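Worksheet for the structure shown next.
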Amino acid sequence: MLLEEERQAVVDYGMVMVRAGLTTGTGGNLSCCDRVRGLMAISPSGVPYDALRPQDVVVVDLDGNIVDGGLKPSSEIGFHRALYHHRAAIGGIVHTHSVYATTLACLNCELPPIHYLVGFAGHKVPVAPYATFGTDALAHNIRQTMGDDFNAVLLANHGLVAVGADLTHAFNTAEEVEFVARVFCQAKAIGDPVMLGDDEMTRVIEKFKTYGKQDLSLIHISEPTRPSP
């Protein structure tokens with residue numbers, strides 16, 4: 001099966017996205033890109049994530065032509081294509097309707113640096129202007145707002161898009177943005193949150209470049225002890 005690993009990743013992260021409460025029903029979409037082949041695996045339109053199988057995930061080229069798969073790709077394929085064309089470093093994209101990020105999106109309110117974890121997305125999470133879902137206008141707005149400086153943008157009156165070097169990084173960014181969005185909403189309900197400065201966010205983003213990178217050869221994983229029969 002063409003792009004078997006990528007298709008499986010879309011299935012796996014689709015389920016994780018629902019379980020983490022980042023979307024409901026068939027909302028949102030995911031994709032990951034094989035840059036060598038110039039292909040992406042993208043979730044199909046309107047298929048519940050708990051029913052999704054690897055063979056249901058659609059493989060398309062970066063011009064949007066279906067290469068493998070019998071279902072229609074996500075209606076938002078346009079902005080996936082636009083982002084992959086725009087930045088060669090992007091290998092995975094996650095689009096969610098997570099509650100707190102979407103709340104800010106419906107207020108047309110960007111997510112400021114209230115917490116250092118916003119650094120997964122950049123110095124802040126900006127808002128892309130509203131356009132109807134699935135349109136070239138929306139793809140244009142997302143690409144322009146994401147630019148070269150951000151790994152996530154809120155979509156006005158819609159939701160969130162996060163990108164990363166692969167689907168894992170994109171999902172982690174979406175999850176951290178939702179956490180910070182929740183903190184921001186709750187803090188605003190109590191008082192006036194204190195923001196981190198640009199200098200601190202620059203330091204944080206630089207530290208994130210090496211965060212979590214381990215020398216796996218130094219880690220010894222022992223076999224689990226099996227109970228006696």
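The values are calculated or read from the model by the stated rules, or taken from the named source; none is laboratory data. None of these values were measured; they are calculated from a predicted model. In this analysis, Cβ positions are derived from the backbone assuming ideal geometry, glycine residues included, and neighbour counts consider all displayed protein chains. Accessible surface areas use protein heavy atoms only, side chains included; no ligands, DNA or RNA. Shrake-Rupley method; radii C 1.70, N 1.55, O 1.52, S 1.80 Å.
The aspartates and glutamates whose alpha-carbon is closer than 19 Å to the alpha-carbon of K188, local same-chain residues fewer than 8 away aside, are E110, E176, E178. Taken along the Cα-to-beta-carbon direction at a fixed 7 Å, the label points for T135 and V99 span 3.0 nm. For K72, the aspartates and glutamates whose Cα comes closer than 13 Å to its Cα, not counting residues fewer than 8 places off in the same chain, are D56. 3J(HN,Hα) couplings calculated from phi for region 44-50 with the Karplus curve 6.51 cos²θ - 1.76 cosθ + 1.60 (θ = phi - 60°) are, in sequence order, x, 6, x, 9, x, 5, 6 Hz; Gly and Pro show x.
Taking the helices alone, the chain has a mean residue ellipticity at 222 nm of -11000 deg cm²/dmol, built from -39,500 (n - 2.57) per DSSP H run of at least 4 residues and averaged over all its residues. Kirkwood hydrodynamic radius computed over region 91-141 comes to 12.3 Å, based on all pairs of distinct alpha carbons. Across the chain, Cα pairs under 8 Å and at least six residues apart give a relative contact order of 19 percent. A straight chain from F179 to N157 at 0.36 nm per residue would run longer than the Cα-Cα distance by 6.0 nm. For the chain, hydrophobic long helices are taken as DSSP H runs at least 30 Å long by C-alpha position along their axis with mean Kyte-Doolittle hydropathy of -1.0 or more; these are 167-190.
Once both labels are modelled 7 Å past Cα along the beta-carbon direction, what's the K72-F208 spacing in nm? Taking the two extended label points, one gets 3.5 nm. Shown are T102, T168, whose ranking by accessible area with a 1.4 Å probe and every protein chain present, most to least, is T168, T102.
What is the diffusion coefficient of the chain in µm²/s, taking the Kirkwood radius over Cα pairs and the Stokes-Einstein relation at 20 °C with a viscosity of 1.002 mPa s? The estimated diffusion coefficient comes to 117 µm²/s.
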